[in-house]
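Worksheet: one structure, shown below.
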C-alpha cells in the first residue's frame with residue numbers, strides 16, 4: 001500500500017472532508033454538535049493518520065521503528081475493513097486479521113455506527 005505525504009494530498013481533499021479531519025483531530029469530543037459522519041470522511045481521516053504515522057516512523061532511528069510496527073499494521077488492517085464491500089468480505093477480513101495477530105500485536109474490531 002503506497003503512502004504519500006499527507007500535505008501534498010490536502011489540495012485534493014474536498015473542503016467538507018478537510019473540515020471533518022480538522023474537527024476530529026483538533027476539536028474536543030463534544031464537537032461538532034451534529035452527526036457529520038460519512039464513510040468517505042472517516043477513510044480520509046484514517047489515510048491522514050496512517051500516512052503521518054508512516055512518515056513519523058520513517059524518521060525514527062532504525063532500532064526504534066519496530067515499535068511502531070504493530071500500530072501501523074492495526075491501522076492498515078482498519079483500512080482494509082473500511083473498504084470491504086460486503087458482510088462476507090468484512091467477516092473474512094476480520095477473521096484473517098484476528099488470526100494474524102502475534103504476541104505484542106494489536107487488532108481492531110469494527111462496529112457499525114447508528
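The values are calculated or read from the model by the stated rules, or taken from the named source; none is laboratory data. Please read all numbers here as calculations on a predicted model, not as lab measurements. With ideal geometry, Cβ positions are generated from the backbone for all residues, glycine too; neighbour counts draw on all protein chains shown.
In table form, for the structure just shown:
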| quantity | calculated |
| --- | --- |
| Sole exception among (1) assigned to a helix (DSSP H, G or I); (2) within 18 Å of residue 14 (Cα to Cα); (3) modelled with pLDDT under 90 for residue 44, by number | (3) |
| Flag for residue 78 being in a helix (DSSP H, G or I), touching a helix residue (DSSP H, G or I) at 6+ places or on another chain (Cβ under 8 Å) and at pLDDT 90 or above | no |
